[in-house]
């Protein structure tokens, strides 16, 4: 596997782990209120993406970091989630949309690399498209 693709895959994996953890924190803080359903869906989506990417990385001998990276856009958006839930939870939607839009752009950068194995290309495209669907759902919620 070429090095630029491997680096993109590692970065996508780290981003998925970070997003999963951020949404899981938001879900716990929401306590079944506000955007809990969205947080639950997004936690599961990013968990699935992280596992799929980890499998690809392992296949190519590149062990992924299980803890992700430090503080993604989504985590920064959700870091003060407790205070946010004292107000209107929908007010965080623009930040979530921005974070997920950035994730989609990262997937597209990887997809634009030359010579990607078709199986990996299909996986990345499917993950990118699932994120796009969730972004549309966030917009429908008022974001």
Out of (1) at pLDDT below 85; (2) within 13 Å of the chain's Cα centre (by Cα); (3) in a helix (DSSP H, G or I), the odd one out for residue 29 is which?
(2)
Pick from the stretch 33-86, criterion part of a loop (DSSP other than H, G, I, E, B) and under 20 Å from residue 140 (Cα atoms), ranking: modelled with the highest pLDDT:
35
When you scan the stretch 1-15, how many residues do you find that are crowded, with 22+ Cβ neighbours inside 10 Å and more than 21 Å from residue 118 (Cα to Cα)?
1
Part of a loop (DSSP other than H, G, I, E, B) and at pLDDT 75 or above: which single residue out of 115, 99 fits that description?
115
Scanning the stretch 32-46 residue by residue, the ones that are in contact (Cβ under 8 Å) with a residue 12 or more places away in the chain and over 14 Å from the mean Cα position of the chain (by Cα) total 3
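The values are calculated or read from the model by the stated rules, or taken from the named source; none is laboratory data. Please read all numbers here as calculations on a predicted model, not as lab measurements. A quick note on method: Cβ atoms are made from the backbone with ideal geometry, for glycine too, and the neighbour counts reach across all protein chains shown.
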